[in-house]
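Enquirer: Just dropping this structure here.
The values are calculated or read from the model by the stated rules, or taken from the named source; none is laboratory data. Please read these numbers as outputs of a predicted model, since none were measured by experiment. FYI the Cβ positions are ideal-geometry reconstructions off the backbone, even for glycines, and counts take in every protein chain you see. Only protein heavy atoms, including side chains, enter the accessible area calculation; ligands, DNA and RNA are left aside. Shrake-Rupley method; radii C 1.70, N 1.55, O 1.52, S 1.80 Å.
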Amino acid sequence: MNYLILVSHGRFSEGLKDALSMFIGDEIKTVKAVGMHSGEDTAKFEERFKALLSELEPDANLIVLGDIIGGSPLTTAINIIHQSGQLSKTTILGGMNFPMALNAAILKDSLDPDNLTKAVLNEATTAVKKFELSADDDDDEI
């Protein structure tokens, strides 16, 4: 089974998982979220991440999306995944946003890790742009 794990500072990952549930329905059971709470040390976060991993099937493939590459939540998660011997079955991406998470959730069971990475990163970057109204758009609102 393939799991998508959202890792963040604060409750960002939990909120993102909640938003994903509106789009992916029953598939949300394969999405997990864990955030390092304000004032929480890495040891406590590590305990909670280990507990999350223990709930998953031992032979699972993991797709881990983190809010910030190099941040304590993601580096702690990576260390635990490495210690558990699952790093070779894990794809790790940073800079998490909603389009990225949505595509990862939808495509995680249909693409190999390399193609999944390409698709998810492509969607994550193409979705970020400035919103601009054209003159024609303004007329529609009147």
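Enquirer: Count the net charge of all other residues whose Cβ sits under 12 Å from the Cβ of Phe49, scoring Lys and Arg as +1 and Asp and Glu as -1.
Expert: Surrounding charge for Phe49 is 0.
Enquirer: Can you find, among Phe45, Asn115, Ile5, the residue sitting farthest towards the positive end of the charge dipole of the chain, where Lys and Arg contribute +1 and Asp and Glu -1 at Cβ?
Expert: The one lying farthest along the dipole's positive direction is Phe45.
Enquirer: At 0.36 nm per residue, minus the direct Cα-Cα distance, what do Arg11 and Phe23 gain on full extension? Give it in nm, one decimal, please.
Expert: Length gained, Arg11 through Phe23: 2.4 nm.
Enquirer: Give me the dipole magnitude in Debye, nearest 20, for the chain about the Cα centre, with unit charges on the beta carbon: positive for Lys and Arg, negative for Asp and Glu.
Expert: 860
Enquirer: Once the piece of chain linking Ser88 and Ser110 is laid out straight, how much longer is it, given 0.36 nm per residue of separation minus the C-alpha distance between them?
Expert: Here the segment from Ser88 to Ser110 would lengthen by 6.1 nm.
Enquirer: How large, in percent, is the carbon and sulfur part of the accessible surface of the chain at a probe radius of 1.4 Å?
Expert: So the carbon and sulfur contribution to the accessible surface is 53 percent.
Enquirer: Eight or more residues apart or on different chains, and alpha-carbon atoms under 16 Å: count the Lys pairs in the chain matching that.
Expert: 8
Enquirer: To continue, here is another question. Tell me which GluC sites (Glu not before Pro) from segment 83-142 have a DSSP coil assignment and no more than 11 other beta carbons within 10 Å of their own.
Expert: Sites meeting the loop and neighbour criteria: Glu132, Glu141.
Enquirer: By how many nm would the segment from Ser38 to Ala51 grow when fully extended, if each residue of separation counts as 0.36 nm and the alpha-carbon distance is taken off?
Expert: Going from the current span to full extension adds 2.7 nm.
Enquirer: For the chain, what is the accessible area per residue in Å², given a 1.4 Å probe and the full set of protein chains?
Expert: 56
Enquirer: Separate question: Let me know the whole percent of all Cα-Cα pairs from segment 61-142 that are separated by more than 20 Å.
Expert: Distances greater than 20 Å cover 46 percent of the Cα pairs.
Enquirer: Can you sort Ser38, Ser13 by 1.4 Å-probe accessible area, starting with the largest?
Expert: From most exposed to least exposed: Ser38, Ser13.
Enquirer: A further question follows. In what order, largest first, do Phe12, Phe45, Phe98 sit by accessible area if the probe radius is 1.4 Å?
Expert: Per-residue accessible area, sorted high to low, gives Phe12, Phe98, Phe45.
Enquirer: Accessible surface of Leu87 in the full protein assembly, 1.4 angstrom probe, to the nearest 10 Å²?
Expert: Accessible area of Leu87: about 60 Å².
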